[in-house]
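> Once you've had a glance at the structure underneath, I'll fire off some questions.
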Amino acid sequence: MSTKTFHSEGEKFESNEHRFLQIVGSDFKKNNAENLSIRIDCNLPLADKNFFINDLKSICREESINVFYYKNHDFNSHCNLMLFFTNGRQRTDSIQTVNLNTFGSKVRQLTQKYPVYFGHLEGLKYYPQNVSHIELMVDEEYILNKK
């Protein structure tokens with residue numbers, strides 16, 4: 001099993017069995033804080049979006065992920081999603097860990113329930129660039145830029 005701690009600089013990532021999971025860094029936030037997030041790009045029919053998002057929230061709670069937000073671009077009867085998962089500030093006395101492979105397996109199981117596909121459709125024309133839709137959040141000033 002691989003476990004990734006979201007705080008350590010210079011730490012090598014453990015083996016990630018799920019190619020659709022990307023680890024991305026943030027720009028500087030409050031107090032020059034940075035964070036790492038799991039990012040998933042996917043698309044699915046618009047009719048399934050809210051149900052899919054709710055199931056992702058349940059997975060977050062199971063996996064002790066405190067932050068989940070997304071960007072979307074809805075078009076015709078479809079949507080492209082850019083999903084972000086992370087935790088709030090990490091402190092030396094309370095470090096949170098997330099098992100990437102367990103999380104990834106649960107997300108992959110949702111492809112059996114919904115017609116979700118990894119990656120975006122139609123190129124930059126329908127790239128998710130709008131505001132962030134917050135589903136779960138702690139320490140928002142350390143996670144999102146409010147511009």
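Throughout, read-outs are computed from the coordinates displayed, never taken from laboratory work. In this text the structure is predicted, and so the values were computed from the model without any measurement. With ideal geometry, Cβ positions are generated from the backbone for all residues, glycine too; neighbour counts draw on all protein chains shown.
> May I ask you to derive the FRET efficiency for ASN99 and LEU124 from their Cβ-Cβ distance with R0 = 41 Å, giving the value to the nearest 0.05?
0.75
> Which of VAL138, VAL98, VAL107 has the fewest other C-beta atoms within 10 Å, and how do the rest follow up to the most?
With the sparsest Cβ surroundings first, the list reads VAL138, VAL98, VAL107.
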